[in-house]
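Structure record follows, encoded as structure tokens.
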Amino acid sequence: MKGSTHRRCYCRDPKTGQPLGKRCSKLSQRKHGSYSIRQELPPREDGTRRSFSRAGYESLKAAQADLDHVRALLGLAEADDSEGTELIATMLEEVADEKGPLPDVEETRRRLKSGQDLIGRLTVGEWLDQWLAGKRIRKSGINRYETDVRLHLRPRIGHHRLDRLRVSHLSDMFTAISDTNAETLEQNAQRRAALDELSAVPWKGLENRARRKAMKEAIDSMPPFRRVTGPATRLHIKATLRAALNDAIGQQILTFNPAAHVELDPVRKPKALVWTDERVAKWQRTGEKPSPVMVWTPQQTGAFLDFVAQDRLYAMWHLIAFRGLRRGEACGQPWSETNLDTHSLTVSSQLVQDGWAVETSEPKTDSGFRVIALDDDTVDVLKRHRERQDTDRKKWGPAWADTGMVFTQEDGSWLHPGRMSDLFERLVTASGLPPVRLHDLRHGAATLMLAAGVDVKVVSDALGHSDTRITRDIYQSVLPHVGKNAAEATAKLVPLQRKTEAERDRESAKKAKGKAKAQARYKKKNTRKKPQK
């Protein structure tokens, strides 16, 4: 197909106003005018002609380079590939109309072979919708991804073309999220101050009522209280986008994942702390918890279990406290996977919340499927629980919901995990013990196992962790006496001169004291009262 370069200028005849074109006398000057290219394209299906034209090149070399580029793109399709030829011709038509850059030859070759859109008009928002529709994971995971996409990704970067998404776009997005956080905090503070001011205005009196009405109207016009997007949520947004773009790379839509290179502030997970006497005393004075994750001592755990000994769900609190099951795992544990004869249970299902609704699900990871050994006392507790449940079954008769779960409501139906957390919180408050969450009982079980000298790998397997590092990083908040014993054992390993001298002095003092006591005993024994004359 024909193609050519030519030089032209935009000078016009001063009399007629018509372009001079090749008649311009200045064309002989080297820098006058500019170069253009024109390449014939395969005709349309109806036989009409079409071409690629572009002007404004400063040099013949630049014009020839683009003409060669266009010809290279046309040569990507085989001679007998009419469909590929049509796709490339249509692409070049659109590039010419939009005055866009010429597509990369190798990238176009790859797209042509994989059957993708040659122009790459797919936006980030469109791809995220496709990606979500194709995910095959449990509903709660989909909902978390959908929240990130709906609230943050689609509104902020959804309009960008997927193949032109850059790290700078993502940095700008997270900067905007931080700015929105600052604005939200300021608006929340203003609304809180207005509500505090309103609560201080008396109800009685015509003037006060008018003032209260005006203040309420002002508060109603303010933005409502909103939550900020915290560091952990920002990391999850990045992880969601990174997963979506990785799938785009897997489908050969992209070759680069900008989400893998955007930097965010690290998130420090709270460490589990034990409720020591000093921390309990401070909590009683101030009402403040030292850490979001607090763990009871063995004595405090025992006190709680004694307090709830007559509770219908005592066996569940006992099992979580000693064996570290998650809330959903305990609520979803079936009798068919609980073998009291062999002192073991298999964690193979759980109850999870979707909003407030509850559904059964498999463990999230392979490490969640596990066999947990049971001690004699826990087995006895579960046997008594089963006897009580059999009594309830007979009491309810045909109305009994035979779910097959170990822990159920009074009529045999599922327990709601969220309600169990609320119930546990009320029981802790009634017991007078320092506050912990239901999940903190799991932390406590891990801490007790580690304090008892159980190998960290065994503890990790019992908790269902995929890596022992997770166990060490999160749950290894050792009890005070364990730390003291470890410190003493460590100190005895280092032979310091001052320690040797101190021991020698203590030994000498001990001998001197013993000698003095022996002399005193001897003197007392040999001293006799002389008879009176």
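The values are calculated or read from the model by the stated rules, or taken from the named source; none is laboratory data. The shown structure was predicted, so the numbers you read here are calculated from the model rather than taken from an experiment. Note that each Cβ is placed from the backbone with ideal geometry, even for glycine, and that neighbours are counted across all protein chains shown. For accessibility, only protein heavy atoms count, side chains too; no ligands or nucleic acids. Shrake-Rupley method; radii C 1.70, N 1.55, O 1.52, S 1.80 Å.
So, ARG212, is that one open to solvent by less than 30 Å² (accessible area, probe 1.4 Å) and under 26 Å from GLN187 (Cβ atoms) or not?
So ARG212 fits the description; yes.
So HIS160 fits all but one of (1) under 25 Å from ASP117 (Cα atoms); (2) under 21 Å from the mean Cα position of the chain (by Cα); (3) not charged (D, E, K, R); what number is the exception?
(2)
From the list THR286, THR276, THR346, THR342, exactly one residue is β-branched (Val, Ile, Thr), touching a residue at least 40 places away in the same chain (Cβ under 8 Å) and open to solvent by 20 Å² or more (accessible area, probe 1.4 Å). Which is it?
Answer to the selection: THR276.
Might you check whether a residue that is under 30 Å from GLN251 (Cα atoms) and aliphatic (A, V, I, L, M) occurs anywhere in the stretch 103-113?
yes
Mind telling me which of the residues GLU83, GLU78 ends up being loosely packed, with under 13 Cβ neighbours inside 10 Å, without any contact (Cβ under 8 Å) to a residue 40 or more places away in the chain and either hydroxyl-bearing (Ser, Thr, Tyr) or not in a loop (DSSP other than H, G, I, E, B) (or both)?
GLU83
Kindly provide the set of residues from the stretch 328-342 that are in a loop (DSSP other than H, G, I, E, B) and within 20 Å of ASP366 (Cα to Cα), ordered by number.
GLY332, GLN333
What are the pairs, 6+ residues apart or on separate chains, where a residue within the stretch 448-462 that is more than 23 Å from GLY302 (Cα to Cα) and small (Gly, Ala, Ser) has its Cβ under 8 Å from a residue that is open to solvent by 50 Å² or more (accessible area, probe 1.4 Å) and not in a loop (DSSP other than H, G, I, E, B)?
SER460/ILE470
Does ARG226 satisfy the condition of being free of Cβ contacts under 8 Å to residues at least 60 places away in the same chain and under 34 Å from the mean Cα position of the chain (by Cα)?
Taking the combined requirement at face value, the residue satisfies it.
Among the residues of the stretch 92-105, is there at least one that is part of a helix (DSSP H, G or I) and touching an Asp or Glu at 6+ places or on another chain (Cβ under 9 Å)?
no
From ARG7, ARG54, ARG71, ARG44, which residue is in a strand (DSSP E or B), among the charged types (D, E, K, R) and either within 19 Å of THR108 (Cβ to Cβ) or open to solvent by 80 Å² or more (accessible area, probe 1.4 Å) (or both)?
ARG54
Yes/no matrix, rows are residues, columns are (1) farther than 26 Å from GLY47 by Cα; (2) in contact (Cβ under 8 Å) with a residue 60 or more places away in the chain:
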position: THR90; (1), (2): no, no
position: LEU102; (1), (2): no, no
position: THR108; (1), (2): no, no
position: VAL124; (1), (2): yes, no
position: TRP131; (1), (2): yes, yes
position: LYS135; (1), (2): yes, no
position: ILE142; (1), (2): yes, no
position: ASP148; (1), (2): yes, yes
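Filter the stretch 419-471 down to residues that are modelled with pLDDT of 85 or more, among the hydrophobic types (A, V, I, L, M, F, W, C) and part of a loop (DSSP other than H, G, I, E, B), then give me how many there are.
Looking only at that region, the number is 2.
Any idea which of LEU305, LEU345, LEU325, LEU319 is part of a strand (DSSP E or B) and not charged (D, E, K, R)?
Answer to the check: LEU345.
Of all residues in the stretch 293-335 being among the small types (Gly, Ala, Ser) and either open to solvent by less than 10 Å² (accessible area, probe 1.4 Å) or touching a residue at least 12 places away in the same chain (Cβ under 8 Å) (or both), which is farthest from LEU382 (Cα to Cα)?
ALA303
If I ask for residues that are farther than 14 Å from ARG144 by Cα and open to solvent by 60 Å² or more (accessible area, probe 1.4 Å), which ones from the stretch 229-248 would you list?
PRO231, ARG242, ASN246, ASP247
If THR108 satisfies every condition in (1) closer than 15 Å to ALA244 by Cα; (2) surrounded by 15 or more Cβ atoms within 10 Å (Cβ to Cβ) but one, which is the exception?
The one condition THR108 does not meet is (1).
Could you go through the stretch 251-269 and let me know if any residue there is β-branched (Val, Ile, Thr), open to solvent by less than 30 Å² (accessible area, probe 1.4 Å) and under 30 Å from GLY412 (Cα atoms).
There is no residue in the stretch 251-269 that is β-branched (Val, Ile, Thr), open to solvent by less than 30 Å² (accessible area, probe 1.4 Å) and under 30 Å from GLY412 (Cα atoms).
Six or more apart or on different chains, Cβ atoms under 6 Å: show the pairs whose first residue is in the stretch 363-374 and surrounded by 16 or more Cβ atoms within 10 Å (Cβ to Cβ) and whose second is among the basic types (Lys, Arg).
ILE372/ARG323
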